[in-house]
1. Which helices (runs of 4 or more DSSP H) sit wholly inside the range 1-79 and have at least 2 residues that are touching a residue at least 12 places away in the same chain (Cβ under 8 Å) and open to solvent by 30 Å² or more (accessible area, probe 1.4 Å)?
2. Which of the residues spanning the range 199-211 are open to solvent by less than 70 Å² (accessible area, probe 1.4 Å) and either small (Gly, Ala, Ser) or at pLDDT below 80 (or both)?
3. If you check every pair at least six apart or on different chains, which have Cβ atoms under 6 Å apart with a residue in the range 187-214 that is among the polar types (S, T, N, Q) first and a residue that is open to solvent by 50 Å² or more (accessible area, probe 1.4 Å) and modelled with pLDDT under 80 second?
4. Of all residues in the range 104-122, count the ones that are in contact with a Lys or Arg (Cβ under 8 Å, 6 or more places away or on another chain) and not β-branched (Val, Ile, Thr).
5. Go through (1) within 26 Å of Arg116 (Cβ to Cβ); (2) at pLDDT below 85; (3) open to solvent by less than 30 Å² (accessible area, probe 1.4 Å) and name the single condition Thr165 misses.
6. Going residue by residue through the range 100-110, is there one that turns out to be over 19 Å from Ile213 (Cβ atoms), in contact (Cβ under 8 Å) with a residue 24 or more places away in the chain, among the β-branched types (Val, Ile, Thr) and in a strand (DSSP E or B)?
7. Would you please name the residue that is surrounded by the most Cβ atoms within 10 Å (Cβ to Cβ), looking only at residues in the range 99-114 that are over 18 Å from Leu16 (Cα atoms) and of a type in the set (A, V, I, L, M, F, W, C)?
8. For the range 80-98, enumerate the residues that are of a type in the set (A, V, I, L, M), open to solvent by less than 30 Å² (accessible area, probe 1.4 Å) and in contact (Cβ under 8 Å) with a residue 60 or more places away in the chain.
Amino acid sequence: LLEQSPEATAVFDRELRFRRVNDSMAAMNGRSAVDHIGRRPTDVSPTAGQMYEHLLARVRDEGVANTNHDLHVEHAEVGLEHHWKMNLRPVLNHEAEVVGIGASFTDITSETVAHRQAEQMLSLAETLSNAVDTQQVADGLCTHLADAFRAKAAVLLRTGSERITRSVHGVLDEEVPEVFGDPPSSETTTTQNAASLSYPVRGTGVTAGVMHIG
């Protein structure tokens, strides 16, 4: 059952050391199953230890299961994001004493991201439908970009031959000229973005503006 389970599954002893680990659990921690045995979560992965080692201790001490507990790892600066649903249950002997803890982790990253994206798109649609001027449109787009990409964002909209509407999120004052291509900074690099993208906002037959994500 342990080996065939599609979920990351492990059994811990009372000292919170790995005693049984399936391949899914090994892949989740980026270590072989053999490397887990006899080690605590903190020894295998400091991040894993911080997330749930204290929860293992609680199940051991209280003898009560901890079910459907959400675990999250997010490092937006490198584009890393993972989410799991964790279930911990006490392992009892014939005298009803807790001799270990059984753990299973279900990867819910795709569902979590999809749900967040759907909420963001709904929020953007509501913002744009309720906007009464170009500035509110620019602000709504900028907030959406910043939230969706977890990055710095900027929006520039042209509403006429002279009028320009701008909105920025997380962009430093000294970065604004470069982001919007204003001289003299357009020929030099001042931003510290690991990556960036500028994309046109198209109207009816014209380019009405630009969106920038860094």
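1. On the way: elements: 23-29, 33-36, 41-44, 46-62.
Qualifying helices (runs of 4 or more DSSP H): 23-29, 46-62.
2. The answer is Gly203, Ala208, Gly209.
3. Listed pairs, sorted by first residue: Thr190/Glu174.
4. From the range 104-122, those in contact with a Lys or Arg (Cβ under 8 Å, 6 or more places away or on another chain) are 105-106, 108; that's our starting set.
Now drop any that are not not β-branched (Val, Ile, Thr), which leaves 105.
Qualifying residue count for the region: 1.
5. (1)
6. yes
7. Within the range 99-114, the subset over 18 Å from Leu16 (Cα atoms) is 106-114.
From what's left, of a type in the set (A, V, I, L, M, F, W, C): 108, 113-114.
Details: Ile108: 16, Val113: 12, Ala114: 10.
This residue is Ile108.
8. Step one: of the range 80-98, the residues of a type in the set (A, V, I, L, M) are 80, 86, 88, 91-92, 96, 98.
Next cut, open to solvent by less than 30 Å² (accessible area, probe 1.4 Å) only: 86, 88, 98.
Val98, the sole residue that qualifies.
The values are calculated or read from the model by the stated rules, or taken from the named source; none is laboratory data. Model, not experiment: these values are computed from the prediction. Heads up, the Cβs are rebuilt from the backbone with ideal geometry, glycines too, and the neighbour counts pull from every protein chain shown. For accessibility, only protein heavy atoms count, side chains too; no ligands or nucleic acids. Shrake-Rupley method; radii C 1.70, N 1.55, O 1.52, S 1.80 Å.
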